[in-house]
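What follows is a short report on a single structure.
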Amino acid sequence: MTTVRDAAFDLFRARGMTTMFGNPGSTELPMLHGYPDDFEYVLGLQEAVVVGMADGYAQASGKPTLVNLHTAPGVGNAVGAMFNAQANKSPLVITAGQQVRAMITLQANLTDRDALRVPEPFVKWSYEPPRAEDVPLALARAVHVSTLPPKGPSFVSIPMDDWKADVDDGDVAHAIARSVSGRATADPELVRSLAERLANAKNPAMVAGPDVDASGAWDAAVALAERQRLPVWATPAPGGGRIGFPEGHPNFRGTLPPAIGPLGQMLEGHDLVITLGTSVFPYYPYIPGPLLPEGADLVAITSDPDEAARAPMGDAIVADVKLTTEALLEAVPESDRQAPEPLGKPQAPPESDPLSPSTVHAALGQALPDDGIVVLESPSSTMALRNQLRLSRPGSYFFGAGGGLGFGLSAAVGVQLAQPDRPVVCVMGEGSVQYAVTAFWSAAAYKVPVTFLVLRNEEYSILKWFAETEQVTGAPGLHLPDLNTAEIAAGYGVKARTVGGLDELRSELATAIPSGEPELIEVGVEPGMALF
Ligand SMILES: Cc1ncc(C[n+]2csc(CCOP(=O)(O)OP(=O)(O)O)c2C)c(N)n1
């Protein structure tokens, strides 16, 4: 016989899940009793930050990642971050404490009386085991559910008296030993026929999405684009949580607009569009129009059955993106189509007072080492950053695909913990910082050397832009005067300063990025949407 606690930690250890992100309460302490030396615990001061850090860690490490939340109110605080983790396809195994079994029915204090229902829409599986001895198997099942495609969060509520209970050694050994893999190859016949369509198309194009990076299909996607001379677009920015194609590559054409009509128009002239690892498509504003140009076909390659099913047009092959792209690459000949013209980088505006966000991003582009990683949540300058940096290495870009603010600041801490040898720069709007502000404390407490670059424009610029496009006038609540992020970060223990001109910004970036400590640079920028 072994205890539920020992069995659970053996299971986590066997799966490489030795970093736990949490915020404890009385209902979680029994799980943490005698916390094993070979496990790390990363404390977040509020649950949205706990889940956000774990989300970044899971994506940047590619491993299922353990989260431990406080019962109902802690889970409630985390729900927005779970929504983001689901959109990011982050394999989180989220546990939460629960009252002892003997007092759930009488609803003693801190009972989560409907533990399964609160996270339900945002997780792949939500569960409370019927008996204490089922906890290890439930946790094993949660790990498999989270890592099978499409990856995503799962949730297990665990009554606090379960951890001491005994479980059968043989049952635990089976649960730990099982391996479950979901990397499926596509029907070879479908791949052959798609290869033929591609080779015979007059003017085909490719659209790359986040699962290219997540599945490790990067090199195969580049090789396919080169062999078939395909122009390549990035999937629309709101849903493109990761970059799926090197944006400095000569075949790269830019990022598709996130609305039906303009996106359809952008693909004008193409007779076949192949999408890799993206939904079709992560639209946001409703601008109707033809889904595709006249005469164009679309084929989506996705490992997510729901993405395939809900697409409003085109065919889909549901299979692992890397394996399918490799199979397609093998099956197509070298094309003699004209190679696309390189796009080049837009020229950033010259120094102004305050600086334009594009100028700030151009300076970041110069300061960022080749292996640098950007975590981005600066809504009105998302496109300016993409265009100024043209990031071109796998695993270099993380963005909250769900659109819920609070992802960026916390995820950057998790990304850096998972990638300690790569410099991480977290680019934030000053408004967005506030949704996960306590992540500064975790960065300082664990000496996580993220460079935070905060763009201060004293307003919710993106919402002013949306107000214009939605013909809304006189909306309140769009101004943010006197929000001093540098002082706030300093209060949490992060070395912080405010810079004015371009030279000062360049020199502070050059100092902060390699410093090996968390540091923050706040820079005043002109308000408004920055696209290039
Ligand atoms: C959790 C959450 N609450 C509210 C919003 C709505 N929202 C989208 S962008 C934005 C403003 C962000 O401001 P800031 O970070 O300063 O960036 P800017 O728009 O100025 O570039 C808000 C409030 C959201 N996306 N997520």
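Brief remarks follow.
- Inter-label distance for I287 and L32, nm, one decimal - labels placed 7 Å from Cα along Cα-to-Cβ: 4.9
- Since only A140, N84, S126 are under comparison, the one whose Cα sits farthest along the positive direction of the charge dipole of segment 49-168, derived from C-beta charges on Lys, Arg, Asp and Glu, is N84.
- Average projection area in nm² (convex hull over Cα atoms of segment 256-398, one quarter of hull surface): 11.2
- Our estimate of slack between D370 and L148, defined as 0.36 nm per intervening residue step minus the Cα-Cα distance, is 76.7 nm.
- 3J(HN,Hα) couplings calculated from phi for segment 121-133 with the Karplus curve 6.51 cos²θ - 1.76 cosθ + 1.60 (θ = phi - 60°) are, in sequence order, x, 10, 10, 6, 8, 10, 8, 10, x, x, 9, 4, 5 Hz; Gly and Pro show x.
- Built amide H within the under 5 Å cut-off of T71, gap 5+: T27, G97
- Euclidean distance between Cα centres, segment 340-404 to segment 265-315, Å: 26
- For M529, net neighbour charge (Lys/Arg +1, Asp/Glu -1) across residues whose Cβ lies under 13 Å away: -2
- 5 angstrom amide H check on G429, placed H, neighbours 5+ away: E377, S378, L455
- Under 13 Å, Cβ to Cβ, from G80 - net charge with Lys/Arg +1 and Asp/Glu -1: -2
- Dipole magnitude for segment 82-217: about 600 debye, using +1 per Lys or Arg Cβ and -1 per Asp or Glu Cβ, origin at the Cα centre.
- Relative contact order (%) - criterion: Cα under 8 Å, at least six apart; region: the chain: 14
- Taking the Cα centre of the chain as reference, the dipole from Cβ charges on Lys and Arg (+1) and Asp and Glu (-1) amounts to some 280 debye.
- Dipole axis of the chain (+1 Lys, Arg; -1 Asp, Glu on Cβ), positive-most option in G408, L343, V433: L343
- Put a dot 7 Å past the Cα of D166, heading toward its Cβ, do the same for S507, and the two dots end up 7.0 nm apart.
- The C-alpha radius of gyration of the chain, expressed as a fraction of 2.2 N^0.38 Å, stands at 0.99.
- Cα centre as origin, Lys/Arg/Asp/Glu Cβ charges: segment 174-268 dipole, Debye: 80
- Amide H contacts for T18 (H built 1.01 Å from N in the peptide plane; partners 5 or more residues away or on another chain; cut-off under 5 Å): none found.
- Label-point separation, K495 to H479 (7 Å along Cα→Cβ), nm: 3.7
- Rounded to 5, percent antiparallel among DSSP beta bridges of the chain: 5
- Above-threshold pairs, the threshold being 29 Å between Cα atoms, out of K345/K464; K89/K202; K124/K322; K345/K495: K89/K202; K345/K495
- Projected onto its three principal axes, the C-alpha set of segment 92-219 covers 69, 34, 23 Å, listed from the longest axis down.
- Full extension of the chain between M1 and Y41 gives 11.7 nm of extra length, using 0.36 nm per residue less the Cα-Cα distance.
- Counting only DSSP beta bridges whose two residues both lie in segment 352-502, roughly 5 percent are antiparallel.
- Computed over segment 1-66, the convex hull of the alpha-carbon atoms projects to a mean area of 4.8 nm².
- Sorted fewest first by neighbouring Cβ atoms within 10 angstrom, Y127, Y460, Y446 come out as Y446, Y127, Y460.
- Net charge, A138 excluded, C-beta distance under 11 Å - Lys, Arg +1, Asp, Glu -1: -2
- Ordering H361, H144, H174 by the number of other Cβ atoms within 10 Å of each residue's own Cβ, fewest first, gives H174, H144, H361.
Each reported figure results from applying straightforward, stated rules to the coordinates on display, with no laboratory input. Values in this document were obtained by computation on a predicted structure and should not be read as measured data. For neighbour counting, all protein chains shown are included, and Cβ atoms are generated from backbone atoms with ideal geometry for every residue, glycine included.
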